[in-house]
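The structure under discussion appears below in the form of structure tokens.
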Amino acid sequence: MKCWKQSLAGVMMLCFFLLPSQVQATEEAARVIHLYTIEHNATINGQKAEVYRWDPGQIVVKKGETVSLHIHGFHGKEHIFSIPKLNIKGKVHKGMTTTVTFSADQPGTYELICHNHFTSQQHGPMIGYITVID
Ligand SMILES: [Cu+2]
């Protein structure tokens, strides 16, 4: 069971490494929203702990609105991410900005998933939420 999970994780990581490092599109009159990759640290019972998060962790957009999401790499070497419901994949590097532009055509919650920091063992879960309203 553990071997199967490791193999699946390896295949998923390989797929993301083969993707372009940035997903970009240009749209006029796009609403610009800035997101940051943030690391939180603490020492608990003498042990260092760290977690990564998107900041802000939730954004709200309107259905059909063109949004230009500027993701700034503040902490962490890299964050390979996807927004599955929007078919968006990309990568954020420390010190760089990755921009993705989208327009969601259905209300709902869209997850922004960092695949480097997906589980608690990987200092996650680093998952942001894009709430699309009517
Ligand atoms: Cu991450």
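Miscellaneous remarks
- Lone unmet requirement of (1) in contact with a strand residue (DSSP E or B) (Cβ under 7 Å, 6 or more places away or on another chain); (2) touching a residue at least 24 places away in the same chain (Cβ under 8 Å); (3) of a type outside the set (D, E, K, R) for Ala42: (2)
- Any hit, region 13-32, residues being out of contact with any His (no Cβ under 6 Å at 6 or more places or on another chain), on the phi > 0 side of the Ramachandran plot, surrounded by fewer than 13 Cβ atoms within 10 Å (Cβ to Cβ) and modelled with pLDDT of 95 or more: no
- So Gln106, is it within 12 Å of the ligand (Cβ to nearest atom) and free of Cβ contacts under 8 Å to residues at least 60 places away in the same chain: no
- Residue within region 68-78 that is more than 12 Å from the ligand (Cβ to nearest atom) and either basic (Lys, Arg) or outside any strand (DSSP E or B) (or both) present: no
- Here Val92 clears all of (1) modelled with pLDDT of 95 or more; (2) over 23 Å from Arg31 (Cβ atoms); (3) within 14 Å of the ligand (Cβ to nearest atom) except the condition numbered (2).
- Every condition in (1) more than 16 Å from the ligand (Cβ to nearest atom); (2) within 23 Å of Ile133 (Cβ to Cβ); (3) at pLDDT 95 or above; (4) not basic (Lys, Arg) holds for Ile83 except the one numbered (1).
- Among the residues of region 70-102, the ones that are of a type in the set (Gly, Ala, Ser) and within 14 Å of Phe118 (Cβ to Cβ) come to 2 in all.
- Filtered residues of region 98-115 (kept if more than 22 Å from Val51 (Cβ to Cβ) and part of a strand (DSSP E or B)): Thr99, Val100, Thr101, Phe102, Gly108
- Residue in region 48-56 that is modelled with pLDDT under 95 and away from the ligand (no atom under 15 Å from the Cβ) present: yes
- Apart from one condition, Lys63 fits all of (1) within 15 Å of the ligand (Cβ to nearest atom); (2) surrounded by fewer than 17 Cβ atoms within 10 Å (Cβ to Cβ); (3) farther than 17 Å from Gly124 by Cα; the exception is (1).
- The lone exception for Thr131 - which of (1) within 11 Å of the chain's Cα centre (by Cα); (2) in contact (Cβ under 8 Å) with a residue 60 or more places away in the chain it fails: (1)
- Restricted to region 116-127, and to residues there that are on the phi < 0 side of the Ramachandran plot and part of a loop (DSSP other than H, G, I, E, B), the residue that is farthest from the ligand (Cβ to nearest atom) is Thr119.
- Checking Val60 against (1) among the aliphatic types (A, V, I, L, M); (2) at pLDDT 95 or above; (3) not in a strand (DSSP E or B), the condition it does not meet: (3)
The values are calculated or read from the model by the stated rules, or taken from the named source; none is laboratory data. Being a predicted model, the structure only gives us computed values, none of them experimental. Positions of Cβ are backbone-derived with ideal geometry, glycine not excepted, and every protein chain shown enters the neighbour counts.
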